[in-house]
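Below you'll find the structure, written out as structure tokens, and then a few comments.
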Amino acid sequence: MSTPRLSDLRRRDFLHFAGSTAALLALAASPVAALAQSQGGGAPLKIGTIGAGREGGSLGTLFAKAGHPVMFSSRHPEQLKELVDSAGPNAKAGTVADAVAFADVVLLVVPYTAIEQIGREYGKALAAKPLVMDVSNPIARRDGDDVLKWANEHGGAGLATAAALPGSHLVRAFNAISYAKLPELASRQGDKVAIPIAGDDQAALALASTLIKEVGFEPVVVGGLAMGKHLVPGTPLGGVHTPAELRQIAATLR
């Protein structure tokens, strides 16, 4: 799979949003445009993962094999050698601080209990990124009822992450599909598998959409971050759907 060049990304995003003056102005002033200008439109996007478990490892590997430099992060990066080797020559490992400093785009793939701490420690740096892809879910059996209650009090996953990471350009994605199926589904013939995404930042949505397409899926915007509460396992948007099926389901949700 080919890697998106920043110049191509900027041009496609411009055409996509040209119908809306407000969206176009937001894109022109966004970190996406600044990133394209600073790097001259030449290099692939550098992707850092906060979290390198099963989901983070699987997603990061897809992006590495698509040609993006990827840094997996952990409190113990020396334990990630097997993952790095399997992801190929574009992958390496570091601490969370290393990955945040390295990345153009950050994948947030951690237990939801860690979200507030990440916000305290790295919130300012994450807010400077053009995209933070929120793949984390509040799951009661793992994170506890208090965390689930906290997320629900903020309006569900998505708005809760935004509250913990103020100013970040968040897009929820890959939340409701099994990590184990990602490699197989990314190469599926015929209709591409749809990935529901939710966000309030149009430029970040455009960037997320481009990256998702690069690894073989079809992004479907289901709404703003308030719709993020539906992007968790076990909801109607969960599982494997075609783009048409996903749009039909999303139309029934509020």
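The values are calculated or read from the model by the stated rules, or taken from the named source; none is laboratory data. It should be emphasised that the depicted structure is a prediction, and the values quoted were computed from it without experimental measurement. Please note: Cβ atoms are built from the backbone with ideal geometry, for glycine as well, and neighbour counts cover all protein chains shown. To get the accessible areas, we keep the full protein, side chains included, count just its heavy atoms, and leave off ligands, DNA and RNA. Shrake-Rupley method; radii C 1.70, N 1.55, O 1.52, S 1.80 Å.
Just to be sure, is residue 112 open to solvent by less than 10 Å² (accessible area, probe 1.4 Å) and among the aromatic types (Phe, Trp, Tyr)? Here the answer is yes, as residue 112 does meet what is asked.
Of the residues making up region 144-156, those that are within 21 Å of residue 227 (Cβ to Cβ) and either touching a strand residue (DSSP E or B) at 6+ places or on another chain (Cβ under 8 Å) or not in a loop (DSSP other than H, G, I, E, B) (or both) are 147, 148, 149, 150, 151, 152, 153. Residue pairs, Cβ under 6 Å, 6 or more apart or interchain, first in region 65-79 and closer than 13 Å to residue 45 by Cα and hydrophobic (A, V, I, L, M, F, W, C), second open to solvent by 10 Å² or more (accessible area, probe 1.4 Å) and part of a helix (DSSP H, G or I). List them. From region 65-79, the pairs are 66/214; 71/102. Taking the options 194, 226, 160, name whichever one is open to solvent by 40 Å² or more (accessible area, probe 1.4 Å) and among the small types (Gly, Ala, Ser). Of 194, 226, 160, the one residue that is open to solvent by 40 Å² or more (accessible area, probe 1.4 Å) and among the small types (Gly, Ala, Ser) is 226. As for region 164-179, it holds at least one residue that is hydroxyl-bearing (Ser, Thr, Tyr), part of a loop (DSSP other than H, G, I, E, B), touching a helix residue (DSSP H, G or I) at 6+ places or on another chain (Cβ under 6 Å) and open to solvent by 10 Å² or more (accessible area, probe 1.4 Å). Of the residues making up region 197-221, those that are surrounded by fewer than 22 Cβ atoms within 10 Å (Cβ to Cβ), in contact with a Ser or Thr (Cβ under 9 Å, 6 or more places away or on another chain) and within 16 Å of residue 62 (Cα to Cα) are 214, 216, 218.
Taken together, 72, 63 contain a single residue that is of a type in the set (Phe, Trp, Tyr), crowded, with 21+ Cβ neighbours inside 10 Å, in a helix (DSSP H, G or I) and in contact with a strand residue (DSSP E or B) (Cβ under 7 Å, 6 or more places away or on another chain), which is 63. Restricting region 131-143 to residues that are part of a loop (DSSP other than H, G, I, E, B) and out of contact with any Ser or Thr (no Cβ under 8 Å at 6 or more places or on another chain) leaves a set whose member that is surrounded by the fewest Cβ atoms within 10 Å (Cβ to Cβ) is 139.
Pairing each residue of region 95-108 that is free of Cβ contacts under 8 Å to residues at least 60 places away in the same chain with any residue that is of a type in the set (D, E, K, R) and open to solvent by less than 30 Å² (accessible area, probe 1.4 Å), provided the two are 6+ apart or on different chains, yields C-beta distances under 7 Å for 103/129; 106/129; 108/134.
Taking region 38-60 as the search range and keeping residues that are open to solvent by 10 Å² or more (accessible area, probe 1.4 Å) and either touching a Gly at 6+ places or on another chain (Cβ under 6 Å) or hydrophobic (A, V, I, L, M, F, W, C) (or both), which one is modelled with the highest pLDDT? This residue is 52.
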